[in-house]
Amino acid sequence: MQNALISTAPDFSQPIAVLKHCHDKIRQQLSTLQNLLDHVPQHGSDAQAQQAAHNVMRYFNQSAPHHHADEEHDLLPMLRATATGEDAELLQKLTPEILAEHQQMDSLWHSLNLQLTQIADGAAVQAAPLLSPQDVQQFSNIYSAHMEKEETWIAPMAKRIFNEQQMQQLGAAMQQRRGIPA
């Protein structure tokens, strides 16, 4: 019996579950960003704010780029090579949107990362807020809609049309990208 008190990530033998787990982690980080919007004006860059900023930065500077690469270099190309009929048509429509959203999120992240660096470094609150509510909201909105699109269309398609060998190939590529030994 698995201990329900300990949350464990799925392993790379279940690559679609790993991608969903990444989405769950992204949602947690987006929530932390939202919390920082309320916290920093009241408490400044205190120890809690600094730790929260470090956590968000670590996730979006390290894990999120791997996640995007998983989709761009492995998942989407494998789907395009496998999909037929309506699936192929849907991918033809969604792939450019997903890639454009990755670019938008990367651009917004660059700005947010600079803002969070100030908080992580303990900068004092000035007249202007350290963290832009507009940037946080736009980043959160794009990411949320993006993940919804992938969870509604891309992940179910992969589960439906990939065979066991393709799932293993996807999982192995994801594991290698992260430098995790097989």
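Worth pointing out:
- When region 133-164 is filtered for residues that are in contact with a helix residue (DSSP H, G or I) (Cβ under 7 Å, 6 or more places away or on another chain) and not in a helix (DSSP H, G or I), only 162 remains.
- Neighbours by Cβ (under 6 Å, 6+ apart or cross-chain): first from region 1-15, open to solvent by 80 Å² or more (accessible area, probe 1.4 Å); second outside any loop (DSSP other than H, G, I, E, B) and modelled with pLDDT of 75 or more: none
- Qualifying residue in region 115-131 (condition: within 19 Å of residue 29 (Cα to Cα), out of contact with any helix residue (DSSP H, G or I) (no Cβ under 7 Å at 6 or more places or on another chain) and surrounded by fewer than 13 Cβ atoms within 10 Å (Cβ to Cβ)): yes
- Of all the numbered requirements in (1) free of Cβ contacts under 8 Å to residues at least 12 places away in the same chain; (2) open to solvent by less than 50 Å² (accessible area, probe 1.4 Å); (3) small (Gly, Ala, Ser), residue 81 misses one, and that requirement is (2).
- Residue 108 meets all of the listed conditions (1) farther than 21 Å from residue 57 by Cα; (2) open to solvent by less than 40 Å² (accessible area, probe 1.4 Å) but one, namely (1).
- Residues considered: 70, 38. Of these, the only one that is surrounded by 14 or more Cβ atoms within 10 Å (Cβ to Cβ) and assigned to a helix (DSSP H, G or I) is 70.
- Test: residue in region 84-104 that is out of contact with any Leu (no Cβ under 6 Å at 6 or more places or on another chain), hydroxyl-bearing (Ser, Thr, Tyr), surrounded by 11 or more Cβ atoms within 10 Å (Cβ to Cβ) and closer than 23 Å to residue 22 by Cβ: no
- Of the criteria (1) in contact (Cβ under 8 Å) with a residue 12 or more places away in the chain; (2) acidic (Asp, Glu); (3) closer than 29 Å to residue 117 by Cα, which one residue 46 fails: (1)
- Subset tally (residues that are surrounded by fewer than 20 Cβ atoms within 10 Å (Cβ to Cβ), touching a residue at least 40 places away in the same chain (Cβ under 8 Å) and more than 16 Å from residue 137 (Cα to Cα)) for region 17-35: 2
- Pairing residues of region 162-179 that are under 13 Å from residue 11 (Cα atoms) with residues that are open to solvent by 60 Å² or more (accessible area, probe 1.4 Å) and charged (D, E, K, R), at Cβ distances under 9 Å and at least 6 apart in sequence or on separate chains, gives 167/159; 171/11; 175/11.
The values are calculated or read from the model by the stated rules, or taken from the named source; none is laboratory data. Note that the coordinates shown come from a computational prediction; the quantities given were computed from them, not determined experimentally. Methodologically, a virtual Cβ is constructed for each residue, glycine included, from the backbone with ideal geometry; neighbour enumeration extends over all protein chains shown. For accessibility, only protein heavy atoms count, side chains too; no ligands or nucleic acids. Shrake-Rupley method; radii C 1.70, N 1.55, O 1.52, S 1.80 Å.
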